[in-house]
Amino acid sequence: MAQKAIREYDAKSILAKHWDKYFPDFTYAYETVIVRNGSELTKAAKEKTWLKEKKLVAKPDMLFGKRGKNNLVLFKDAKPGDVSLAKAASWIDEKSSTEQSVYFSFDGDTPTGEPSVDMLTHFIVEPFTPHEQAEEYYVSATCVGDDDVIYMSAEGGMEVEEGWDEKVTELAFSITATEDEIAEKIRANVPADVAEKDKANFANFCIGFFKAYRELNFAYLEINPFVMQGNKIELLDMVAKLDDTAGFMMKEQWGNIEYPTSFGMEEKSPEVLAIEEADSKSGASLKLTILKPDARIWTMVAGGGASVVYADTIADYAGIEDLANYGEYSGGPTTGETKFYAETILDLMTREKDAKGRDKVLIIGGAIANFTDVAKTFTGIIQAFENYADKMKKVGVKIYVRRGGPNYEKGLKDIKEAADRLGLYIEVYGPETHVTDIVRMALEK
Amino acid sequence: MAQLFTRDTQAIFWNNNKTAIQRMLDYDYTIKRTKPSVAAIVAPTSTNKFEKFFYGPEEIMVPIYKNTAEAKAHQPQADVLLNFASFRTAYDVTMEALEIGGFSSIMITAEGIPERLARGMNETAREKNVTVIGPATVGAIAPGAFKIANIGGTIENIVQSKLHRAGSCGLVTRSGGLFNELSNIIAINADGIAEGVAIGGDRFVGSVFIDNLLRMEANPEVKYMLLLGEVGGTEEYKVIEAVKSGKIKKPIIAWCIGTIAKYYDSGVQFGHAGASANAEAETAEAKNKAMKEVGIHVPASFNDLPEIISAVYHELHASGTIKDIVEPPINVCPKVRKSKEFICTISDDRGDEATYAGFPISSLATPDTGKGIGDVVSLLWFKKQYPKWATEFIETVMKTVADHGPAVSGAHNAKVTARAGKSVVESLVTGLLTIGPRFGGAIDGAAEYFKYADDNKLTPAEFLNHMKKEGVPIPGIGHRIKSLKNPDLRVEGLKKFAREYFPATPLLDYALTVEQLTTSKKENLILNVDGTIGILMVDMWRALGYTEVEIDEFITSGTLNSFFIVGRSIGFIGHILDEKRLAMPMYRHPMDDILYDVQVAEKI
């Protein structure tokens, strides 16, 4: 997956780091901290004295929006703009001590749908910035189709979201557009509602913003709102996604960036993290998503396309109730990598027996490979069988194999022999059998 | 361009991926292509000039170049670039190739190229009308004509899936593995494919479904198309529009995989990077439904694809649109092949008569052929037929250097050895072993240094300064007794010949300006015979169209010295035979000609 969300704090830090390059005509105080609890905030105040000197705003920084509507923005104690360091610290401790319900969609102010329930673990704290509503603006940029699009509005905050079509000016640029073309078009299309005296500044800020979006490999970048007081800028709220495939050339620019799990999403299991790490170190591709760890059908399918077809077919035949995981290995993984991948799956699937006492099903599927050596990858799977055969027999696992490609005859023969030798139930098919037919065979029994 | 590739298509393969290239050549042999589909390999860090591959039971050499520009310059007919660089460099390689020009299509295999770079490269290619296949793809194939790298898998699978000859289906997929699977399904249920492209799994790929389907619509060999899409993106809607507007009239069979995605929120990434639905319209189900509505053949599930392919094929076959295919004969690649230890590119003794660079010896040897030893040298040393002025110059050089009397060290050694009772060959090599930087080496040195000075546009004064700094006397300058007033007639002869017959003599002209300066300092600092030969050899090769790089290689590989070795061998043999004839006794150097200065060794 290429586009990854980052925290608001990190988004601001990246812009601040390159501020003078993109916004030489503007100042930004970059007064912001991220903390996990009240005592971290108190500790931070020792170095960052503005935390003690100024009135504060605190809110969770966990990749979800609508924090105001969810009542998760602290900006007042008795009245707006009176939040002290002590108050912010105690509020953060309070909010982080119990699970919170967060709604992601609203109809007006009424939440719709089911809330996500999770612990709040990260908070961003900044100075309260007194300003006029008229000083709030909106800008964002992302890729739509083949073009980059910048969205600009003279109004920020809730208002822009609710009146998008009337209030937002959209400009699309091809990837090959030059800086001059972009600057010219932005200058010529400053939203009409921006006050005449601020138009030039607004255009300059948006030009720098769009340049930063392009050059720093953001996939999505939104400031809603930013406050512009002459040449002084405040970034009140930001949302950003990075194109993580650009990470290798953005090490310096991004710094050490973290891609957190969204609020309400289960934390990645150690197994998934281990596969991710193995994937990042390999020229091949290893992917694993655990959908339902107590379900009985496990897949170990080669190929990004074939793995989806197997998942589709299982859903068609059995629904998704029985599907435990989604994943794929491809691009010619080594025997060792395949062994590690297979052991991870075998370990997960042999922890518990099926609740209804049925046998578990392991689908070792794949299309006809282009260049992956089937015998080599199957050697890795066989080694994993050898280590997990006892557990597999205890839980009851039926194995269905279908694969073609370089050296497939040997691969199929080897895996059949190994399973027979280890006393495991196995059915083995080659390219003469339709790619997903083993799903039908497995589920009809 | 209705067809992506033909039987004449040749590629430049960026990265020496031996397995993939061998697969291409196995395919070429199987389908009896006349020329190998890989014309060149680009391998920036390789020190080799070629790589050996099997072509059926035989072996061929594919040249290796340091960069794309060089490869393209040598193989201008190769108009496909197979970019197998990693995700870190694939963008630079593509952009460089687009800059160089002359490519009709570029295939990029790397997965995970930064999105902005992928978009920039795709857009630039589009502006230049170059078809990009990928990134993140296994490639494309025009069965019976040209196949990219690993697509289709092993040669056995290729024949099994009827990818060795054109069928009638145009196949477009995202996935490479499923491309192979579908080729097999189409071979079983219909007559195989006419052209196929796996467009790649990344979010931003160069040519998309519609680009490929429109080309296939225009390709008369394609009778119907099969599109395998995925959840995510809106590319399938462009196809729907083209069907609606009548731009595509041929039947299309289509299916989008990823119907399972609807059960999960967007946090689960199914399949490729491009496969993630951001809106209802991007789901597999919405796309399958929309395609069905415009009359595209959409099965109920992936499992029903074979049935629908068979139905569409048989209908087109019954109506006469698709004719029966006469299976073409194929070559079978041997299972066991042995790589050759030695390579010979200059002569061949396997036929009726041995040949020198393709010419039977009898066509060169006798006087009536009009060929001399210079022609033999040009064939066996340079694998070229040099023009008469050049072969005559070579002969002139050899004649000029054949001997220089008994006193020079090489001849002296040969004579001493012969007098020790050794054979002709033993005596000869003793003489030859003397040839090196000090004896005969001035030819090499003169060519090297004068060419360096000329290449770097040094004035004679700057050149002299440069040599002074290096601390080397200028090779090819200076004679024991000769001077401008008392010129070396051998030199005069060579110069006269060159002036008369060489198209141009730029390096000689330069050397003479240097001579003017050196002789103004000291009379005998003339351009001597070694210098003249070395310099004129460079002028000869320049006039024959060799590049400066090639000429530099001649110099460093010792080619110039070779002329001296051959020529002087004649003289050495003369001296050796002279000794034998005279039956001279063993030589012992007179003691009074040796300065003895021997101290007692100190203890340390």
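Readers should treat all values here as calculations from the given coordinates under stated rules, not as data from a laboratory. Worth saying up front: this structure is predicted, and the values here are computed from it rather than measured. Cβ placement follows ideal geometry from the backbone for every residue including glycine, while neighbour counts extend to all protein chains displayed.
Under 11 Å from a label point set 7 Å out along the Cα-to-Cβ vector of B:Ile343, the amide N atoms of region B:31-51 belong to B:48-51. Paramagnetic label reach from B:Glu426 (point 7 Å along Cα→Cβ; backbone nitrogen cut-off under 17 Å): within region B:571-585, residues B:573, B:576-581, B:583-585. Quick one: compute the contact order of chain A, relative version, from alpha carbon pairs under 8 angstrom and 6+ residues apart, as a percent. Relative contact order, chain A: 13 percent. Among residues other than A:Gly108 with Cβ under 15 Å from its Cβ, the summed charge is -3 (Lys and Arg +1, Asp and Glu -1). So how far apart, in nm, are the two label points at A:Phe248 and B:Leu582 if each is 7 Å from Cα heading toward Cβ? Spacing of the two 7 Å Cα→Cβ label points: 7.3 nm. Among beta bridges from DSSP that stay inside chain A, the antiparallel ones total about 75%.
Of all DSSP bridge pairs formed entirely within region A:270-444, close to 25 percent run antiparallel. Principal-axis analysis of the Cα atoms of chain A puts helix A:270-281 at an angle of about 90° to the longest axis.
When shorter helices are ignored and each DSSP H run of at least 4 residues is given -39500 (n - 2.57), the per-residue value for chain B at 222 nm works out to -13000 deg cm²/dmol. Each of A:Tyr326, B:Tyr596 was scored by other Cβ atoms within 10 Å of its Cβ. Arranged with the fewest first, they read B:Tyr596, A:Tyr326. Computed from label points 7 Å out along Cα-Cβ, the spacing between A:Phe75 and A:Thr433 is 6.3 nm.
Of all DSSP-defined beta bridges confined to chain B, some 30% are antiparallel rather than parallel. In this rough spin-label picture, where each label sits 7 Å from Cα along the Cβ direction, the B:Ile60-A:Trp164 distance is 5.7 nm. Going from the residue with the fewest nearby Cβ atoms within 10 Å to the one with the most, A:Val435, B:Val429 rank B:Val429, A:Val435. Please give the net charge around B:Phe439, taking every other residue with its beta carbon less than 15 angstrom from that of B:Phe439, where Lys and Arg add +1 and Asp and Glu add -1. Net charge in that neighbourhood comes out at +1. Once C-alpha pairs closer than 8 Å and six or more residues apart are averaged by separation and normalised to the residue number of chain B, the relative contact order reads 9 percent.
For region A:192-305, the Cα gyration tensor yields ellipsoid semi-axes of 42, 17, 12 Å (square root of five times each eigenvalue, largest first, whole Å).
Our coupling estimate for region B:127-142, obtained by passing each phi through the Karplus curve with A = 6.51, B = -1.76, C = 1.60 and θ = phi - 60°, is 4, 8, 6, 9, 7, 9, 10, x, x, 6, 9, 8, x, 8, 8, 10 Hz, Gly and Pro reported as x.
The residues packed around B:Ala365, meaning those with a beta-carbon under 13 Å from its beta-carbon, carry a net charge of -2 if Lys and Arg are +1 and Asp and Glu are -1.
Computed from Cα atoms, the angle from the helix A:408-422 axis to the main principal axis of chain A rounds to 70 degrees.
Ranking of B:Leu25, B:Leu227, B:Leu595 by neighbouring Cβ atoms within 10 Å, starting from the fewest: B:Leu595, B:Leu25, B:Leu227.
Find the relative contact order for region B:411-479 and round it to a whole percent, using C-alpha pairs within less than 8 Å whose residues are 6+ positions apart.
26 percent
In terms of its C-alpha gyration tensor, region A:270-444 has a rounded overall shape, because the principal axis ratio a/c (a ≥ b ≥ c, square roots of the eigenvalues) stays below 1.5. For the protein assembly as shown, the alpha-carbon radius of gyration amounts to 1.24 times the rule-of-thumb value 2.2 N^0.38 Å expected for a compact globular protein.
Using 0.36 nm per residue and subtracting the Cα-Cα separation, the extra length available between A:Thr176 and A:Lys410 on full extension is 79.2 nm.
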